[in-house]
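These notes are about the structure you will find just below.
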Amino acid sequence: MPDMRFAPPLAMRVNDRGGGLNQTSVRTYNERLVMSLLRQHGSLSRMELGQRSGLSAQTVSVIVRALERDNLVLAGEAQRGRVGPPSTPIFLNPEGAFSIGASVAAGMTDVTLIDFNGAIRRHRQIDHDARAPGERLETIVAAVAEFVAVTAPPWRDRIVGVGVSLPEDIDSWSREEPAIWNAATVEAAIAKATDFSIFIQNDVTAAAGAEVIFGVARNMGDFAYLFVGRSTECRLVLNHRVYAGSPRPKQGRRNEYGGSMVSLTDLEELAAARSAEPSIVWRAFDRWDELEGALPEWIERCAASLADSIAAMRAFVRVGAVVIEGRMPRPILERLCQATSRLTVEERFAEGAPKIIPGEIGPFAKAIGAGSLPLHSRFMVEQVGLAPT
Amino acid sequence: MRSVLIYGDSNTFGQTTADTPDDRYGPDERWPGVLRVKLGTRWLVIEEGLSGRTTVSDDPIEGADKNGRTYLRPCLTSHKPLDLVIIMLGTNDLKARFNKSASEIAMGVGALVRDTIGMRVGRQQKVPEIMIVSPPPILEDLRGWDAGFDGGRAKSLRLASEYERIADQLEVHFFDAGKVVQPSAVDGFHLDREGHAKLGAAIAEAIADIGWPDEL
């Protein structure tokens, strides 16, 4: 029997350094911890990674090498320090992994291919108001399959999964055909078309999660999240976790839950009343010049309802920041945030008002949030849990 | 002051490519000297390069002194405490008389790493940082040395990935010198002045990337 201390080492998980990517391998906890730290801080030297993770320099060295071999991290240009030779920053490779994220809504579905940093590399909006519910599902499944097919290697080999986000009231859409639309039927339909693991989540929860993982909230422990879409909904994020609350009772109308906030549905109605083309609300994401006749009033009304909700929430829990996102052009979101901030600060809190921050994820946050689910599951730890910096 | 010991062979010693046995590049020309300049005054660079040194074998022709394993213990002990030990060996193990595969050469390096870990020559009897450097592959044309290195080129091309496996297994730092330098065409296995300058600069960066807190 040979001395097992001198047994040959195990083969590396990847086919040496030939570039053979082995994304199916399970990343160790420490590897995911290192990637989560890089996600949170943008880029870190190996020494900083060691200090923040508590791992030894040699362990960090081994982990970074393994992640480099799998193209998940890149080494940047060496940065000159105060003394001695320069040291190299490590950051996540945006093209290290990809994911397909789809957000389903009553009138339309956004299908996206997102990269490792949550940036959209491909997007399609599928309008399906006129289609029968069964047809809508088929269209979405076909789009997911097509997104995989048209993605060229090596990106295609780096797609790690499919995420789908669904609105809370999805069950109520198809009361006549209850079997067609719910989390289980959507998952089953997509599973038939692809081999990927499939993740399903509520759409606003997913959008808030995207902000935590990729966006402005990467270093925020606690905040409130408001998403202004077809309806306007709120999530509370405590200690980097999105708290979705208890599910609403099924079959209800949203106005029955009280305190319903002004949403894009109201803008659509207002635009129609001012004889603007209301469908622009759902079709344009760069500018809403045609809606300017309705926008000032809508922004004031929406901001007032958001400020009311923020004030109500503050009676229960004090968070330092409120992130507002919406399916709208960035300049409109800025105006909405400014109006909300003004109302919150001037009219409700003399001091200690929460900071109102526009989201960084963009109008398709619900789809990006869906796409973040497979990436999170594969490459990140539950929460980094370090003090915000 | 931090200290790094470089445990190597003729390419650490600074053996010139000229065919004159005792020729050695100057203290600032050979890569440990280049490294010393790059690292600055906060580092003590200890050069331990011996021409002909193997990983773990007595050399039946050149002598038992070439065995890297037997000299490692007195060497590290006489220079402790050490912050970093760099091991760049394996080229001499390619000689046909040792009849070793690339993975066995890597296992020899692994044995040196294990010995180093066990000796605890770091500060406060801790294990120092350890970096395995895989030597650059030798060239096809060895200018008369070919017989001694029969089959060496093919094996040398596999050293880097075998060394990296060992480094992963033992959780130590790794640097592939073949990524920045190759031997001079003059003899096919020694570095020229430019190679020493490049390697010294690259290793300086690899050392900086480990990260060293200001306080010892």
Subject >> Lone qualifier among B:Asp93, B:Asp146 - being part of a helix (DSSP H, G or I), free of Cβ contacts under 8 Å to residues at least 60 places away in the same chain and closer than 26 Å to B:Ala18 by Cα >> reply: B:Asp93
**OP:** Please determine, by comparing only the residues of segment B:171-182 that are touching a residue at least 12 places away in the same chain (Cβ under 8 Å) and within 8 Å of another protein chain (Cβ to nearest Cβ), which one is surrounded by the most Cβ atoms within 10 Å (Cβ to Cβ).
**Re:** B:Val172
Subject >> Which numbered condition B:Met88 misses (of (1) under 13 Å from the mean Cα position of the chain (by Cα); (2) within 10 Å of another protein chain (Cβ to nearest Cβ); (3) touching a residue at least 60 places away in the same chain (Cβ under 8 Å)) >> reply: (2)
Original post:
Looking at B:Lys95, is it among the basic types (Lys, Arg) and away from every other protein chain (no Cβ under 14 Å)?
Top reply: yes
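Being assigned to a loop (DSSP other than H, G, I, E, B) and free of Cβ contacts under 8 Å to residues at least 40 places away in the same chain is true for just one of A:Pro296, A:Pro278. Which residue is that?
On the way: A:Pro296 fails: assigned to a loop (DSSP other than H, G, I, E, B).
After applying the criteria, what remains is A:Pro278.
Condition check ((1) more than 13 Å from chain B (Cβ to nearest Cβ); (2) acidic (Asp, Glu); (3) not in a strand (DSSP E or B)) across all residues:
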{"position": "A:Arg52", "(1), (2), (3)": "no, no, yes"}
{"position": "A:Leu55", "(1), (2), (3)": "no, no, yes"}
{"position": "A:Ile63", "(1), (2), (3)": "no, no, yes"}
{"position": "A:Asn71", "(1), (2), (3)": "yes, no, yes"}
{"position": "A:Gly96", "(1), (2), (3)": "yes, no, yes"}
{"position": "A:Ser103", "(1), (2), (3)": "yes, no, no"}
**OP:** Pull up segment B:198-216, narrow it to residues that are under 17 Å from the mean Cα position of the chain (by Cα) and buried (at least 20 other Cβ atoms within 10 Å of the Cβ), then point me to the one that is nearest to the other protein chains (Cβ to nearest Cβ).
**Re:** B:Ala204
**OP:** Identify the single condition in (1) within 17 Å of A:Leu373 (Cα to Cα); (2) modelled with pLDDT of 95 or more that A:Ile200 does not satisfy, given that it satisfies every other one.
**Re:** (2)
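Out of B:Ala185, B:Ala154, report the one residue that is in a helix (DSSP H, G or I), loosely packed, with under 15 Cβ neighbours inside 10 Å and either free of Cβ contacts under 8 Å to residues at least 24 places away in the same chain or away from chain A (no Cβ under 14 Å) (or both). Break it down into steps so the answer makes sense when it comes.
Numbers: B:Ala185 fails: in a helix (DSSP H, G or I).
Of the residues listed, the single one that is in a helix (DSSP H, G or I), loosely packed, with under 15 Cβ neighbours inside 10 Å and either free of Cβ contacts under 8 Å to residues at least 24 places away in the same chain or away from chain A (no Cβ under 14 Å) (or both) is B:Ala154.
Quick one: would you say A:Ser279 is at pLDDT below 90 and either in contact with a helix residue (DSSP H, G or I) (Cβ under 6 Å, 6 or more places away or on another chain) or at negative phi (or both)?
Working: at pLDDT below 90: yes; either in contact with a helix residue (DSSP H, G or I) (Cβ under 6 Å, 6 or more places away or on another chain) or at negative phi (or both): yes.
It is true that A:Ser279 is at pLDDT below 90 and either in contact with a helix residue (DSSP H, G or I) (Cβ under 6 Å, 6 or more places away or on another chain) or at negative phi (or both).
Is segment B:113-128 home to any residue that is of a type outside the set (S, T, N, Q), in a loop (DSSP other than H, G, I, E, B) and away from chain A (no Cβ under 14 Å)? Can you show your working first?
Applying the first criterion (of a type outside the set (S, T, N, Q)) to segment B:113-128 yields B:113-115, B:117-123, B:126-128.
Going one step further and asking which of them are in a loop (DSSP other than H, G, I, E, B), we end up with B:120-122, B:126-128.
If we keep only those that are away from chain A (no Cβ under 14 Å) too, we end up with B:120-121.
Yes, because at least one residue in segment B:113-128 is of a type outside the set (S, T, N, Q), in a loop (DSSP other than H, G, I, E, B) and away from chain A (no Cβ under 14 Å).
The values are calculated or read from the model by the stated rules, or taken from the named source; none is laboratory data. Everything numeric in this text was worked out from a predicted model, so none of it was measured. Reconstructed Cβ throughout: ideal geometry from the backbone, glycine too, with neighbour counts over all protein chains shown.
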